[in-house]
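The values are calculated or read from the model by the stated rules, or taken from the named source; none is laboratory data. Just so you know, these numbers come straight off a predicted model, no measurement behind them. Glycine also receives a Cβ, built like all others from the backbone with ideal geometry; neighbour counts cover every protein chain displayed.
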Amino acid sequence: MNLLAVATVVVTGFVACAEFGSYALVRPALHRLAARERITVEQGLLRTFGRVMPVGMPVGLVLTIAGVVAEPAPLSWMAAIAFAVAVTTTVLVNVPINLATARWDPAYPPADWQRTRRRWARFQAFRSWLLLIGFVTAAAAAV
C-alpha cells in the first residue's frame, strides 16, 4: 500500500467513523433531551465537529479524487463520488442549518427549531452513509 492509499484510508476512515458514530450513536440520545438541553448539546457538538470536519471532509475528498487520478478503478470512483456528494450535501444543507443553530438562544429557540433539526438529521443520515460507503470503497481500493 502506497502513501496516498494510507492517507486516504486514515482520513476517510476518521471522517466516516466520526460522522457515522454521531449519526448512529450520539444523535438518538439527544432526541430524549428537553429542548433547552438538546440545543445546548447540539451547539457544543457544532463547536467540536466544527474544528475538525471543515478540514477533514475536503481533505478526504481531495484524497479520494487523487486516488481516481492515480488508479481510475471502479472502487476509487465510488469513493470519490460518495465523498463528493457528502461534502456537497454538507455545504449546501447542513452547514447553513449549523450556522443558524449556533445562533439560537437555547432558552428561547425559534418556533420551527424541531423541524429545522429534523431536516438537518435527514441529511446527516444521508451523508453519514455516503461517508461510510466512501471509506469502505477507498479501503477496498487500497488493497
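Scanning the range 94-108 for any residue that is in contact with a Pro (Cβ under 7 Å, 6 or more places away or on another chain), modelled with pLDDT of 95 or more and either within 23 Å of Ala34 (Cα to Cα) or not aromatic (Phe, Trp, Tyr) (or both) turns up at least one such residue. Pairing residues of the range 30-47 that are basic (Lys, Arg) with residues that are at pLDDT below 95, at Cβ distances under 9 Å and at least 6 apart in sequence or on separate chains, gives Arg38/Leu30; Arg38/His31; Arg38/Arg32.
When you look at Thr90, is it hydroxyl-bearing (Ser, Thr, Tyr), within 16 Å of Val136 (Cα to Cα), surrounded by 13 or more Cβ atoms within 10 Å (Cβ to Cβ) and out of contact with any Asp or Glu (no Cβ under 8 Å at 6 or more places or on another chain), yes or no?
Considered against the rule, which asks whether it is hydroxyl-bearing (Ser, Thr, Tyr), within 16 Å of Val136 (Cα to Cα), surrounded by 13 or more Cβ atoms within 10 Å (Cβ to Cβ) and out of contact with any Asp or Glu (no Cβ under 8 Å at 6 or more places or on another chain), Thr90 comes out as no.
Here the condition is being hydroxyl-bearing (Ser, Thr, Tyr), under 22 Å from Arg122 (Cβ atoms) and assigned to a helix (DSSP H, G or I); of Thr12, Thr48, Thr64, it holds for Thr48 alone. Residues in the range 109-125 that are within 15 Å of the chain's Cα centre (by Cα) and free of Cβ contacts under 8 Å to residues at least 40 places away in the same chain: 4 in all. Apart from one condition, Asp105 fits all of (1) touching a residue at least 12 places away in the same chain (Cβ under 8 Å); (2) farther than 24 Å from Leu25 by Cβ; (3) outside any helix (DSSP H, G or I); (4) of a type outside the set (Phe, Trp, Tyr); the exception is (1).
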